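The values are calculated or read from the model by the stated rules, or taken from the named source; none is laboratory data. These numbers come from a predicted model, not from an experiment. Because the Cβ atoms are built from the backbone with ideal geometry, glycine has one as well, and the counts that use them run over all protein chains shown. Ligands, DNA and RNA are excluded from the accessible area calculation, which covers all protein heavy atoms including side chains. Shrake-Rupley method; radii C 1.70, N 1.55, O 1.52, S 1.80 Å.
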Amino acid sequence: MLNIAVIGLGWWGRIIVDLARNSEKLRVVRVADVNPQAEAFARERDLPYSPRFEAVLADPKVQGVVL
């Protein structure tokens, strides 16, 4: 299982997060978006949220990033 972060929670980013939740190969462990409204989306899915890309890169759980 590859732990990923999704950067950008616009329409497509949200679709990716929801599709990856059903994946046997990917697990979303963090999300990031500069829009503060994206935090509510992350909270609904019980995912750590960050407004900064650097926080994603510093997270030791993140093995890959989807932009």
Relative contact order of the chain, defined on C-alpha pairs under 8 angstrom at six or more residues apart (%): 42
Estimate the FRET efficiency between Lys25 and Asp46 by the formula 1/(1 + (r/R0)^6), using the beta-carbon distance for r and 22 Å for R0, to the nearest 0.05. 0.60
Taking only Cα atoms of the chain, radius of gyration then Dmax in Å: 10.5, 30
Computed about the Cα centre, the charge dipole of the chain from +1 Lys/Arg and -1 Asp/Glu charges at the Cβ has a magnitude in debye, to the nearest 20, of 120
Using just the helices of the chain, give the 222 nm mean residue ellipticity in deg cm²/dmol: DSSP H runs with n ≥ 4 each add -39,500 (n - 2.57), and the total is spread over all residues, rounded to 500. -9000 deg cm²/dmol
Over the chain, with every protein chain in place, what whole percent of the accessible area is carbon and sulfur at 1.4 Å, could you tell me? 55
